[in-house]
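Visitor: Sharing a structure, written as structure tokens. Questions coming.
The values are calculated or read from the model by the stated rules, or taken from the named source; none is laboratory data. Just so you know, these numbers come straight off a predicted model, no measurement behind them. Cβ placement follows ideal geometry from the backbone for every residue including glycine, while neighbour counts extend to all protein chains displayed.
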Amino acid sequence: MLDILHGLCESNSLVMHEVEIDIEGVNSKIGVPSKENVNQEYYLILECEAADDALIKKLINEYAEKFMDVLEKLDCTDESFRKNSTLILCCEAGHITEKLLLNFEENPYFFKKNVITYSKSELVSLKEKLNNQFSNEHLNKLLMSDEGGLFDSFKTQKLEDGNYYPLLIRVITKLPFVHYLPQPNQLDDLSSFVRSELDQSDLELLDFICDGDENFSSDLIDAKVTSAWGEV
């Protein structure tokens with residue numbers, strides 16, 4: 001999972017660095033915003049397949065503060081790190097109680113916090129679908145696979161176990177720099193829906209108003225409507 005998040009971070013103008021946090025079984029990296037990155041947020045990414053309640057409690061009560069003290073002294077961070085940092089924990093599902101996960105994410109001290117849980121089969125499936133392509137465009141393409149059919153199956157809980165889609169949803173939901181991009185065909189569908197609700201005279205008026213390459217303003221629309229009424 002760490003490799004996937006590494007690729008997603010780099011695709012979103014974050015420079016990745018190895019960091020050593022001295023916790024057995026936990027791998028870590030830090031994503032540092034590049035100069036061209038508008039959002040100057042740092043991301044500490046932790047991966048621990050065997051994370052349990054005990055680790056989460058230590059992260060809340062002990063480790064988070066230590067991480068902050070150590071990481072803000074790195075050459076790749078600056079004085080903004082303490083106020084602009086997010087901790088992303090990746091761990092296998094089923095080993096941590098839901099209540100404790102919620103407490104961890106809602107804990108306001110030292111880092112903003114998000115957790116991405118996964119099953120091994122989900123992770124293998126998502127790696128295959130990503131195929132080392134980590135752009136937001138590719139993630140959105142996977143999100144709208146099967147013309148939205150996978151999303152409908154996800155909503156109705158009809159996906160087979162191990163399908164990549166639930167993990168994809170979690171990744172998009174938990175990573176602040178990954179965004180949903182509306183698909184062009186959705187705009188076409190909206191236009192078709194609007195036109196289907198108009199009668200012939202309204203359609204002619206709409207086509208008249210939209211004719212040309214002008215940038216719309218209320219004055220322009222008023223002028224065209226007035227002109228159209230003058231021809232009636």
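Visitor: Going through E92, E65 one at a time, which residue ends up being more than 20 Å from P108 (Cβ to Cβ) and in contact (Cβ under 8 Å) with a residue 40 or more places away in the chain? Please lay out each step first, then the result.
Guide: Details: E65 fails: more than 20 Å from P108 (Cβ to Cβ).
After ruling out the rest, the residue left standing is E92.
Visitor: Here is a further query. Confirm whether N103 is part of a helix (DSSP H, G or I), in contact (Cβ under 8 Å) with a residue 40 or more places away in the chain and within 13 Å of the chain's Cα centre (by Cα).
Guide: Details: part of a helix (DSSP H, G or I): yes; in contact (Cβ under 8 Å) with a residue 40 or more places away in the chain: yes; within 13 Å of the chain's Cα centre (by Cα): no.
Against the criterion (part of a helix (DSSP H, G or I), in contact (Cβ under 8 Å) with a residue 40 or more places away in the chain and within 13 Å of the chain's Cα centre (by Cα)), N103 does not qualify.
Visitor: Same structure, new question: Name the one entry in E160, E137 that is assigned by TED's automatic domain parsing to the domain that holds I116, outside any helix (DSSP H, G or I), surrounded by fewer than 15 Cβ atoms within 10 Å (Cβ to Cβ) and at pLDDT 80 or above.
Guide: Working: E137 fails: outside any helix (DSSP H, G or I).
Only one candidate qualifies: E160.
Visitor: Continuing with the same structure: Got at least one residue in region 171-179 being farther than 23 Å from A51 by Cβ and exposed (fewer than 15 other Cβ atoms within 10 Å of the Cβ)?
Guide: Scanning region 171-179 turns up at least one residue that is farther than 23 Å from A51 by Cβ and exposed (fewer than 15 other Cβ atoms within 10 Å of the Cβ).
Visitor: Can you give me the ranges of the strands (runs of 3 or more DSSP E) entirely in region 1-75 with at least 2 residues that are assigned by TED's automatic domain parsing to the domain that holds E137 and farther than 15 Å from I88 by Cβ? Give the steps one after another, and end with the answer.
Guide: On the way: elements: 14-18, 27-33, 42-47.
Because the criterion is at least 2 residues that are assigned by TED's automatic domain parsing to the domain that holds E137 and farther than 15 Å from I88 by Cβ, the strands (runs of 3 or more DSSP E) in region 1-75 that meet it are 14-18.
Visitor: Would you tally the residues in region 27-54 being modelled with pLDDT under 90, surrounded by fewer than 20 Cβ atoms within 10 Å (Cβ to Cβ) and among the aliphatic types (A, V, I, L, M)?
Guide: Count: 2.
Visitor: Kindly check whether there is at least one residue in region 114-131 that is in a loop (DSSP other than H, G, I, E, B) and either surrounded by 20 or more Cβ atoms within 10 Å (Cβ to Cβ) or not assigned by TED's automatic domain parsing to the domain that holds A64 (or both). If you could, list the steps in order and put the result at the bottom.
Guide: Narrowing region 114-131 to residues in a loop (DSSP other than H, G, I, E, B): 119, 131.
Adding the requirement that they be either surrounded by 20 or more Cβ atoms within 10 Å (Cβ to Cβ) or not assigned by TED's automatic domain parsing to the domain that holds A64 (or both) leaves none.
Taking every residue of region 114-131 in turn, none turns out to be in a loop (DSSP other than H, G, I, E, B) and either surrounded by 20 or more Cβ atoms within 10 Å (Cβ to Cβ) or not assigned by TED's automatic domain parsing to the domain that holds A64 (or both).
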